[in-house]
Amino acid sequence: MIMELDYIILVSGMAIVTAFTRLSGYWIVARMDPGPKFRQFLETAPQTVFAAMIAPALWQGGPAEWLGAVITVIAMKLSGNLAVALIAGVGTVAVWRALGLP
């Protein structure tokens with residue numbers, strides 16, 4: 001299936017704009033000397049964004065999601081590895097659902 005030229009231009013433009021915004025952020029931060037409060041903000045921002053993404057799923061979820069979140073936290077504390085923690089949490093939910101539990 002051949003894509004129309006309009007779609008190719010649209011997707012390419014979005015990719016360029018996305019790359020530009022990401023790279024310009026790195027460029028701006030590399031040229032500034034952040035104070036202690038801004039440095040603290042930069043260090044905690046990823047955790048708050050992650051929590052904001054997870055909260056709705058937990059709020060609307062059931063026992064499988066709640067158990068998955070608990071297992072994720074425990075795996076993170078024990079391993080200190082985010083990938084291992086996420087795999088443990090998602091695996092827990094997958095097993096729960098595969099077993100047909102409510």
- Item | Solvent exposure ordering (accessible area, 1.4 Å, most first) of LEU10, LEU42 | LEU10, LEU42
- Could you provide, to the nearest whole Å², the per residue accessible area of the stretch 48-87 with probe 1.4 Å? 73 Å²
- Return one number: the angle in degrees, 0 to 90 and rounded to the nearest 10, between the long axis of the Cα atoms of helix 82-98 and the longest principal axis of the Cα atoms of the chain. 50 degrees
- Message: Run the helix sum for the chain: -39,500 (n - 2.57) per DSSP H stretch of 4+ residues, divided by residue count, reported at 222 nm to the nearest 500 deg cm²/dmol.
- Response: -29000 deg cm²/dmol
- Expressed as a whole percentage, what fraction of the accessible surface of the chain belongs to carbon and sulfur atoms when a 1.4 Å probe is rolled over the protein heavy atoms? 75 percent
- To the nearest 10 degrees, the tilt of helix 5-30 (Cα long axis) against the first principal axis of the alpha carbons of the chain is 90 degrees
- C-alpha long axis of helix 63-79 to longest principal axis of the chain, angle in °: 70 degrees
- Task: Using a 1.4 Å probe and counting only protein heavy atoms, arrange ILE87, ILE74 so the residue with the most accessible area comes first.
- Result: ILE87, ILE74
- Give me the Debye-computed log₁₀ of I(q)/I(0) at q = 0.12, 0.15, 0.20 Å⁻¹ for the chain, equal point scatterers on Cα only, no solvent, two decimals. -0.72, -0.88, -0.98
- Just read off the accessible area of MET53 with the full protein assembly in place, 1.4 Å probe, to the nearest 10 Å². 130 Å²
- Note on the structure: Taking a ≥ b ≥ c as the square roots of the Cα gyration tensor eigenvalues, with a/c under 1.5 meaning rounded and otherwise prolate when a/b beats b/c or oblate if not, the stretch 48-100 comes out oblate
- The answer for trypsin sites (Lys or Arg not before Pro) in the stretch 1-60 that fall in a DSSP coil and have at most 13 neighbouring Cβ atoms within 10 Å is ARG31
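The values are calculated or read from the model by the stated rules, or taken from the named source; none is laboratory data. Small disclaimer: the values here were computed from a predicted structure and weren't measured. With ideal geometry, Cβ positions are generated from the backbone for all residues, glycine too; neighbour counts draw on all protein chains shown. Remember, those area values only see protein heavy atoms, side chains included, never the ligands or the DNA or RNA. Shrake-Rupley method; radii C 1.70, N 1.55, O 1.52, S 1.80 Å.
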